[in-house]
Amino acid sequence: QVQLVESGGGLVQAGGSLRLSCAASGRTFSSYIMGWFRQAPGKEREFVAATRRTVDNTYYADSVKGRFTISRDNAKNTVYLQMNSLKPEDTAVYYCAAARGARLSRVSDYDYWGQGTQVTVSS
């Protein structure tokens with residue numbers, strides 16, 4: 001079992017930045033693919049970014065490429081999402097997730113989920 005706890009959400013003006021953190025329990029954190037998803041009101045949960053066991057392999061949705069950066073610290077069992085140049089359309093609940101398999105871009109690829117943290121970007 002893996003438990004995930006997100007933090008770092010909040011209210012920010014357009015153009016601003018936020019850094020989300022996701023702390024994971026368990027001794028096998030480094031073996032999981034870690035991902036970030038988001039869900040806006042009335043919309044489906046969507047892929048934002050993911051990293052395989054090392055940050056040499058990172059993947060991003062086109063909508064955030066160049067603005068968001070995913071990173072992980074396996075010694076601290078933590079994954080981060082640095083979000084820059086935020087836009088009102090980035091407003092959503094952001095979820096951290098862990099996957100045991102090899103796929104990483106779909107909700108169904110992930111085995112464990114956090115409770116989410118709200119990010120609101122005002123115009």
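The values are calculated or read from the model by the stated rules, or taken from the named source; none is laboratory data. Note that this is a predicted model, so its numbers are computed, not measured. Cβ sites come from the backbone with ideal geometry, for glycine too, and all protein chains shown count toward neighbours. Accessible surface is based on the protein model in full, side chains and every heavy atom, while ligands, DNA and RNA are left aside. Shrake-Rupley method; radii C 1.70, N 1.55, O 1.52, S 1.80 Å.
Couple of notes before you dig in:
- Only one of GLY101, GLY114 that is in contact (Cβ under 8 Å) with a residue 24 or more places away in the chain, over 12 Å from the mean Cα position of the chain (by Cα) and farther than 10 Å from ARG38 by Cβ: GLY101
- Among residues of the range 1-12, those that are surrounded by 14 or more Cβ atoms within 10 Å (Cβ to Cβ) and outside any strand (DSSP E or B), counted: 3
Residue by residue, here is whether (1) within 12 Å of the chain's Cα centre (by Cα); (2) modelled with pLDDT of 95 or more holds:
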position: VAL2; (1), (2): no, no
position: SER7; (1), (2): yes, yes
position: VAL12; (1), (2): no, yes
position: GLY16; (1), (2): no, yes
position: ARG27; (1), (2): no, no
position: MET34; (1), (2): yes, yes
position: PRO41; (1), (2): no, no
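- Residue tally, condition part of a strand (DSSP E or B), of a type outside the set (A, V, I, L, M) and touching a Phe, Trp or Tyr at 6+ places or on another chain (Cβ under 9 Å), over the range 13-52: 11
- Where a residue in the range 80-97 is over 24 Å from TYR110 (Cα atoms) and its partner, wherever it lies, is charged (D, E, K, R) and surrounded by fewer than 23 Cβ atoms within 10 Å (Cβ to Cβ), with Cβ under 8 Å and at least six apart: ASN84/ARG67; SER85/ARG67; LEU86/ARG67
- Here the condition is being among the basic types (Lys, Arg), touching a residue at least 24 places away in the same chain (Cβ under 8 Å) and open to solvent by 60 Å² or more (accessible area, probe 1.4 Å); of ARG53, ARG106, ARG72, ARG38, it holds for ARG106 alone.
- The condition of being under 13 Å from PHE29 (Cα atoms), open to solvent by less than 30 Å² (accessible area, probe 1.4 Å) and aliphatic (A, V, I, L, M) holds for only one of ALA98, ALA92, that being ALA98.
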